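The values are calculated or read from the model by the stated rules, or taken from the named source; none is laboratory data. A quick note: this is a predicted structure, and the numbers were derived from the prediction, not measured. All Cβ positions, even for glycine, are placed from backbone atoms using ideal geometry, and neighbour counts span all protein chains on display.
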Amino acid sequence: MDILKPSKISEGGHRYYDEEAVTQLYYILTLKEIGFPLIQIKAIITNQEKSPMELLQMQMELIQSKIEQLKKNKHTLESVIQVIELGGHKNWEDIFNTFKYLSPINSKVTEKREKYFSNEELQILNTLPKVGQDTPVVADFINLFRDIRQAIADQVTPDSENGQQLANKWFEIAKEMYGENAATAKKAYQVYRTKKENLGFVYLDEDVISFIEDAYGHQLKGDGNLHFL
């Protein structure tokens, strides 16, 4: 037979090879859809050392591991975005300098806090919402920061009706965060404002803080000490 010339294949033979190719393609696409890489698909099709159940269970475990890692990545991203929203950061250095102190297992931060707060106060602080948490109070606080920044951009004054409404909203959210622990809230804010060392508090945008302090000072005729964060 001349190998340069195509062999004659019957119509039935064409149909057989077409069906086999379609079946093979279906196998490949199905395995690819459930996450197998092409190099592994080739091994699966050509080498049946493991049963389908074993391969599928292995793939399920791999996918579950990826899902867990993606959840961690998502939480970290949400935390960093919230740090930026609250602090108004413009560069990576400020973001990292803030974010590195927010870990709940940061022993240095814990030691520093113990110098200023009692055990009872520390327990209250540890129950507060944390950055990265998907809770209504965190969302409300971030939205308030956006509203205050917009008010500042629109040249709204702290003593105006709008400015006072924003200040009242601030106190409503703070009360929701601290509940009946107003004294701890006031102390935490004073420590945050007066101490130079980082105590694991989220850095808050100075423009926003100044606006709220001015608004509150207007209410108390010059007393600018906030009772709540």
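Can you tell me which residue in the range 112-141 is modelled with the highest pLDDT, limited to those that are among the acidic types (Asp, Glu) and within 23 Å of the chain's Cα centre (by Cα)?
Taking the range 112-141 and keeping what is among the acidic types (Asp, Glu), we get 114, 120-121, 134, 140.
Checking which are within 23 Å of the chain's Cα centre (by Cα) leaves us with 134, 140.
On the way: Asp134: 83, Asp140: 94.
My answer is Asp140.
Can you run down the residue pairs with Cβ atoms below 8 Å, 6 or more apart or on separate chains, where the first is in the range 138-154 and loosely packed, with under 13 Cβ neighbours inside 10 Å and the partner is at pLDDT below 95?
Every condition considered, the pairs that remain are Arg146/Glu85.
One residue is enough: does the range 210-224 have a residue meeting the conditions assigned to a loop (DSSP other than H, G, I, E, B), exposed (fewer than 15 other Cβ atoms within 10 Å of the Cβ) and at pLDDT 85 or above?
Checked against the condition, which is being assigned to a loop (DSSP other than H, G, I, E, B), exposed (fewer than 15 other Cβ atoms within 10 Å of the Cβ) and at pLDDT 85 or above, the range 210-224 yields no hits at all.
Exactly one condition in (1) surrounded by fewer than 17 Cβ atoms within 10 Å (Cβ to Cβ); (2) over 22 Å from Val208 (Cα atoms); (3) at pLDDT below 85 is false for Val109; which is it?
Failing condition for Val109: (1).
Condition first: out of contact with any Phe, Trp or Tyr (no Cβ under 9 Å at 6 or more places or on another chain) and not in a helix (DSSP H, G or I). Now tell me which residues in the range 164-201 satisfy that.
Gly179, Glu180, Asn181, Lys196, Glu197, listed by residue number.
Show the residue pairs that are 6+ apart or on different chains and have beta-carbon atoms under 9 Å apart, the first residue being within the range 50-71 and free of Cβ contacts under 8 Å to residues at least 60 places away in the same chain and on the phi < 0 side of the Ramachandran plot, the second being charged (D, E, K, R) and surrounded by 10 or more Cβ atoms within 10 Å (Cβ to Cβ).
These pairs meet every condition: Met58/Lys50.
I need every pair where a residue in the range 72-97 that is without any contact (Cβ under 8 Å) to a residue 24 or more places away in the chain has its Cβ under 7 Å from the Cβ of a residue that is part of a loop (DSSP other than H, G, I, E, B), sequence separation at least 6 or different chains.
Listed pairs, sorted by first residue: Ile95/His89.
Among the candidates Lys90, Lys42, which residue alone is loosely packed, with under 10 Cβ neighbours inside 10 Å and either closer than 30 Å to Gln24 by Cβ or of a type in the set (Lys, Arg) (or both)? Walk me through how you get there before you give the answer.
Values: Lys42 fails: loosely packed, with under 10 Cβ neighbours inside 10 Å.
Testing whether each residue is loosely packed, with under 10 Cβ neighbours inside 10 Å and either closer than 30 Å to Gln24 by Cβ or of a type in the set (Lys, Arg) (or both) leaves just Lys90.
Here are the criteria: (1) assigned to a helix (DSSP H, G or I); (2) farther than 29 Å from Ser118 by Cα. Tell me which single one Pro158 does not satisfy.
It is condition (1) that Pro158 fails.
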